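A.B. asks: This is the structure I have questions about; it appears just below.
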Amino acid sequence: MCRFPGAGAGTKSLWEKLQSLPCHFNWCLEFKDKVNVGHVLQTLALKVEHAAYQNRSVYLAMRAYLQQLDGSSPDALGSLREAETVLQQEHPTDFSRRVLLIYGNYAWIYYHLSNYEMVELYLGRIREICQFLSSPEPYSVQMPEIHAQKGWSLLSLGFQNGEEAQKCFQVALQGDKSSQEFQAGLAISAFASWTRCFDFRLRTEVQSLMEPLLCRQPQNDELKVHLASLLEHKDWRRSEALAKEVAENSHHPEHLRFAARLLKKNNISRAVGILREAIGLAPGYHLLHYELGVCYKQQLEGAAGEVREEVLAAAIESFKRAVEADPQSIFFRLELAQLYCERNPTYAEEMYRNLLEELPKASQRCQQAIYLHWGDFLLRGKGLRLEALEAYKAGCAVLGGHKKEWQQLTGRLGKLAEVFEKDSEMESAEAAFEVLRLRPQFQKEIEPGY
């Protein structure tokens, strides 16, 4: 159990029993690099509504776990009741094999509410199921379904957990090689792993997992959109065709978002239309407004006059709606501040200074992004080259960040060093070059990302 402290001696026996339960509270689902719980809850809401493979109950149980972490036990219990109802509907014949996750979460939440009678009730139910399944352990059992439930839970926290989720589905398939749910889980988690490294060999492996599965599940838009991303730089014609299929047939806002990201490469207007359609399906989903803002931002390039003003206003409105839906997102606020640089620099500076105050609590990638955008504002908005240099240097000094921000920071430093050198400001040029010389040392700590 990773997230809650132990109990006193009076309840030690209960505590020991709880440790062995197969559930979210014992799986040590780490929030790597300060993942935003609110963000995960929003994406989970879509998964619950549009879940494939009849695993809505897994996401509802995951939601209960997050709600408990967030200090909302009543909401958590409500999510578990909903999960139990959904599981009875979707898996009436193997309910007992899949309900252990829900019962385990119930037991932990009631434990933290000091309702030990209810803890005993759910421990008793779990013990009965384990006995029925002939498990040698009184409160746990090794089953493919449980490994798969852990795999889906890991993926719901983000693709950074792809490698660990992949192991879960591999174990699940050892118990049931014919399960298309487990096969899909393995393919998606392998794709998630690939997005963290972009290794050529892994791409081939992922494609070999996805292609035959998609032949058996031709309506699986999740596989289609991930295969399209996988093929984007290898076979653009096929990638585009898959993305178009998803855009034309899917009613899943997240799948439409991925399709729009691919199609905007050659048809930005089409991408805008897809995202507007997706927003109509899920108006409160923050990432849709963010992606729409990114599209408008791309349309700003080359735009002039009244057209530029209209697109700029639309972009600002999209990012404002994204921030309203997820106020904790640093990237949304950075995008909005960048657009304010053109329309209202005072607003932009105020936003940047507020973000700088939040640096200690931000993830490494967010810290790098804040320094990058702040440096750009100082350099381009205020002409303060030395201050911008210090901002870029500070960003490069953040270890454990992300390849994208790292490359942008070092690129800015390189250009700034050349400017200083040209203007004979050799001390400042040397300060920039010194950081660039240390690039191999820093780069070992940087994540490739997706």
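The values are calculated or read from the model by the stated rules, or taken from the named source; none is laboratory data. Predicted model, so just to flag it, every value in this text is computed and none were measured. Ideal geometry is used to build each Cβ from the backbone, glycine not excepted, and the neighbour counts take in all protein chains shown.
A.B. asks: Write out, first by first residue and then by second, each pair whose Cβ atoms fall under 6 Å of each other, whose residues are 6+ apart or on separate chains, and whose first residue, in region 229-255, is in the same structural domain as VAL48 (by TED's automatic domain parsing) while the second is part of a loop (DSSP other than H, G, I, E, B).
C.D. replies: Going by the 6 Å Cβ cut-off, there are no qualifying pairs.
A.B. asks: Kindly indicate whether TRP374 is without any contact (Cβ under 8 Å) to a residue 24 or more places away in the chain and surrounded by 19 or more Cβ atoms within 10 Å (Cβ to Cβ).
C.D. replies: Details: without any contact (Cβ under 8 Å) to a residue 24 or more places away in the chain: yes; surrounded by 19 or more Cβ atoms within 10 Å (Cβ to Cβ): yes.
Spelling it out, TRP374 is indeed without any contact (Cβ under 8 Å) to a residue 24 or more places away in the chain and surrounded by 19 or more Cβ atoms within 10 Å (Cβ to Cβ).
A.B. asks: Can you tell me which residue in region 300-312 is surrounded by the fewest Cβ atoms within 10 Å (Cβ to Cβ), limited to those that are under 24 Å from LEU372 (Cα atoms) and either touching a Leu at 6+ places or on another chain (Cβ under 9 Å) or among the aliphatic types (A, V, I, L, M) (or both)?
C.D. replies: Applying the first criterion (under 24 Å from LEU372 (Cα atoms)) to region 300-312 yields 300-302, 312.
Now restrict to residues that are either touching a Leu at 6+ places or on another chain (Cβ under 9 Å) or among the aliphatic types (A, V, I, L, M) (or both): 300, 312.
On the way: LEU300: 16, LEU312: 18.
This residue is LEU300.
A.B. asks: Restricting attention to region 387-438, which residues are in a helix (DSSP H, G or I) and among the hydroxyl-bearing types (Ser, Thr, Tyr)? If you could, list the steps in order and put the result at the bottom.
C.D. replies: Step one: of region 387-438, the residues in a helix (DSSP H, G or I) are 387-396, 403-422, 426-437.
Residues satisfying the conditions are TYR392, THR410, SER428.
A.B. asks: If you don't mind, there's one more thing I want to ask. Please note which helices (runs of 4 or more DSSP H) are completely contained in region 41-116 and include at least 2 residues that are in contact (Cβ under 8 Å) with a residue 40 or more places away in the chain and of a type in the set (Lys, Arg). First the steps, then the outcome.
C.D. replies: Working: elements: 56-69, 73-90, 95-98, 100-112.
Ranges flagged: 95-98.
A.B. asks: While we're here: Tell me which of these ARG343 doesn't satisfy, since it passes every other one: (1) farther than 13 Å from VAL398 by Cβ; (2) in contact with a helix residue (DSSP H, G or I) (Cβ under 6 Å, 6 or more places away or on another chain); (3) surrounded by fewer than 18 Cβ atoms within 10 Å (Cβ to Cβ).
C.D. replies: Unmet condition: (2).
A.B. asks: I'd like to check something: does region 185-195 contain any residue that is at pLDDT 95 or above and among the aromatic types (Phe, Trp, Tyr)?
C.D. replies: Yes, region 185-195 has at least one match.
A.B. asks: If you don't mind, there's one more thing I want to ask. Please specify each residue of region 342-355 satisfying the condition of being over 16 Å from TYR296 (Cα atoms) and either in contact (Cβ under 8 Å) with a residue 24 or more places away in the chain or part of a helix (DSSP H, G or I) (or both). I'd like the intermediate steps shown before the answer.
C.D. replies: To start, the set of residues in region 342-355 that are over 16 Å from TYR296 (Cα atoms) comprises 344-355.
Answer for region 342-355, where residues must be over 16 Å from TYR296 (Cα atoms) and either in contact (Cβ under 8 Å) with a residue 24 or more places away in the chain or part of a helix (DSSP H, G or I) (or both): PRO345, THR346, TYR347, ALA348, GLU349, GLU350, MET351, TYR352, ARG353, ASN354, LEU355.
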